[in-house]
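One structure is given here, and the rest of the page talks about it.
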Amino acid sequence: MADLATIARPYAEALFRSAKPADLAAWAEQLEELAQVASNPELLAVANNPKLSSANLLEILLGGMKAKPSDVVKNFVEVLTQNHRTLALPEISAQFTALKNAQEGAAEVQITSAFPLQGEELSTLLSVLKKRFGGKELRPTVTVDPELIGGVCVQVGDEVLDTSVKARLVSMQAALSA
């Protein structure tokens, strides 16, 4: 089977091209919610049932959303269910968000810290990272992982900056073992 990213790309690009700039945030939010619904293990088990029609699957997907989706997103999901591409929804959502961020000159940043980051600590880190990544607006998601011992691990796109104590210890161990 083809890679999900390859399958998702034309769908994400088509939806992005049809969106007006004012619609991008709302559509990205709706796609994210649909991606969460489509990732549910129980839904995946039902979706693979050959007796389930695409109309029923569409009804289940849209019924799992908190708010009513826009007509365009509803039609888009209908096309996905008819083409048996429901499994690609999480990747489509991620690619759509990446296209939206690129147009807005922004980037999603995943920050993993040994301790909770809030307030001024987070803003200071974001200002340093903003300079590092060419002035892009950074939209952070912060998670705490005590195994890092100290420091942070930052991921923006496919670039990772790991300044954690754990990474330094692993590096020192490798150097001493050589």
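The values are calculated or read from the model by the stated rules, or taken from the named source; none is laboratory data. Remember, predicted model here, so these are calculated numbers, not experimental data. As a convention, Cβ positions derive from the backbone with ideal geometry for all residues, glycine included, and neighbour counts pool all protein chains shown. Note: accessible area is taken over every heavy atom of the protein model, side chains too, but ligands, DNA and RNA are not part of it. Shrake-Rupley method; radii C 1.70, N 1.55, O 1.52, S 1.80 Å.
Brief remarks on what is shown
- Looking only at the range 113-133, residues that are in contact with a strand residue (DSSP E or B) (Cβ under 9 Å, 6 or more places away or on another chain) and either within 19 Å of residue 160 (Cβ to Cβ) or open to solvent by less than 50 Å² (accessible area, probe 1.4 Å) (or both) come to 10 in all.
- When residues in the range 125-166 are screened for being of a type in the set (A, V, I, L, M, F, W, C), touching a residue at least 24 places away in the same chain (Cβ under 8 Å), in a strand (DSSP E or B) and out of contact with any Phe, Trp or Tyr (no Cβ under 8 Å at 6 or more places or on another chain), 6 of them pass.
- Among the conditions (1) under 22 Å from residue 155 (Cα atoms); (2) open to solvent by 60 Å² or more (accessible area, probe 1.4 Å), residue 5 misses just one, which is (2).
- For the range 1-12, a residue qualifies if it is assigned to a helix (DSSP H, G or I) and farther than 15 Å from residue 72 by Cβ, and the qualifying residues are 4, 5, 6, 7, 8, 9, 10.
- For the criterion of being without any contact (Cβ under 8 Å) to a residue 12 or more places away in the chain, in contact with a helix residue (DSSP H, G or I) (Cβ under 9 Å, 6 or more places away or on another chain) and at negative phi, residue 52 passes.
- Check on residue 136, within 25 Å of residue 40 (Cβ to Cβ), open to solvent by 80 Å² or more (accessible area, probe 1.4 Å) and among the basic types (Lys, Arg): no
- Among the conditions (1) open to solvent by 30 Å² or more (accessible area, probe 1.4 Å); (2) touching a helix residue (DSSP H, G or I) at 6+ places or on another chain (Cβ under 8 Å), residue 12 misses just one, which is (1).
For every residue, the table says whether it meets (1) within 15 Å of the chain's Cα centre (by Cα); (2) of a type in the set (A, V, I, L, M, F, W, C).
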| residue | (1), (2) |
| --- | --- |
| 5 | yes, yes |
| 29 | yes, no |
| 38 | yes, yes |
| 45 | no, yes |
| 50 | no, no |
| 53 | no, no |
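- In the range 59-78, the qualifying residues are those that are among the hydrophobic types (A, V, I, L, M, F, W, C) and free of Cβ contacts under 8 Å to residues at least 40 places away in the same chain, and the one that is farthest from residue 38 (Cα to Cα) is 67.
- Where helices (runs of 4 or more DSSP H) fall entirely within the range 21-99, those with at least 1 residues that are buried (at least 20 other Cβ atoms within 10 Å of the Cβ) are at 24-38, 54-63, 71-82.
- Complete set of residues in the range 100-124 that are more than 18 Å from the chain's Cα centre (by Cα) and either of a type in the set (A, V, I, L, M, F, W, C) or in a helix (DSSP H, G or I) (or both): 114, 115, 117, 119, 120, 121, 122, 123, 124
- With respect to (1) in contact with a Leu (Cβ under 6 Å, 6 or more places away or on another chain); (2) within 29 Å of residue 133 (Cα to Cα), the lone exception for residue 81 is condition (2).
- Selection status of residue 85, modelled with pLDDT under 95 and closer than 25 Å to residue 38 by Cβ: yes
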